[in-house]
Amino acid sequence: MKVIRSSGFRWHGVEERGYKSEDGSHSGVTRHRLLGGQPDEAALRFETRYFEVAAGGHTSLERHQHPHAVVVIRGSGSLADAGECVGIRPFDCVYVAPDDVHQFRADRGEPLGFLCVVDRDRDRPILVSK
């Protein structure tokens, strides 16, 4: 058994990392790999991560072959695809199916934080043009 203690939206012993390389496709995003990345968690076939998007920021507009599940736990914002945008808020659950174009936006004047569960082994995202 393992418990990773939190202080608000930060977890003890979990490094805050940048979202991706600085390619200009995103803005104001950090990530924390909470579970599934350590040697003592090898039995997990998935990773649980926390992403935080600063007010006014956004993730990449992308698609990939792996699905993921998202639960919003902080703030509100929107989820966009290639043409539609829908509001999201705490406790909303999102399923991103394989090949779905998606982008998370903190466009409501506050940070947007969400847990994201994905397969441990997965393909790399492909950036999509607007």
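Computed values, structure above
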quantity	calculated
Rough spin-label spacing in nm, given labels placed 7 Å along Cα→Cβ, for GLU110 and VAL3	2.8 nm
Extension gain (nm, one decimal) between CYS93 and PHE46, 0.36 nm per residue minus Cα-Cα	15.2 nm
The chain - percent relative contact order, Cα under 8 Å, separation 6 or more	28 percent
Point-charge dipole on Cβ atoms (K/R +1, D/E -1) for the range 56-130, about Cα centre, debye to 20	220 debye
Rounded FRET efficiency, nearest 0.05, which uses the C-beta distance separating ARG120 from ASP81 and R0 of 30 Å	0.75
Lys, Arg +1 and Asp, Glu -1 on Cβ, resulting dipole of the chain about Cα centre, debye, nearest 20	340 debye
Heavy atoms of ILE4 accessible to a 1.4 Å probe, total area in Å² rounded to 10	50 Å²
Column: log10 I(q)/I(0), Debye, Cα scatterers of the chain, q = 0.13 Å⁻¹	-0.52
Gap separating the Cα centres of the range 43-120 and the range 1-34, nearest whole Å	14 Å
Stretchable slack from ILE73 to GLU16, in nm (0.36 nm times residue separation minus alpha-carbon distance)	18.8 nm
Computed label-point distance, nm, for sites ALA54 and ASP100 using a 7 Å Cα→Cβ extension	2.8 nm
For the range 1-107, with +1 on Lys and Arg beta carbons and -1 on Asp and Glu, the positive-most of ILE73, GLY57, GLY28 along the dipole	ILE73
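The values are calculated or read from the model by the stated rules, or taken from the named source; none is laboratory data. These numbers come from a predicted model, not from an experiment. Please note: Cβ atoms are built from the backbone with ideal geometry, for glycine as well, and neighbour counts cover all protein chains shown. To get the accessible areas, we keep the full protein, side chains included, count just its heavy atoms, and leave off ligands, DNA and RNA. Shrake-Rupley method; radii C 1.70, N 1.55, O 1.52, S 1.80 Å.
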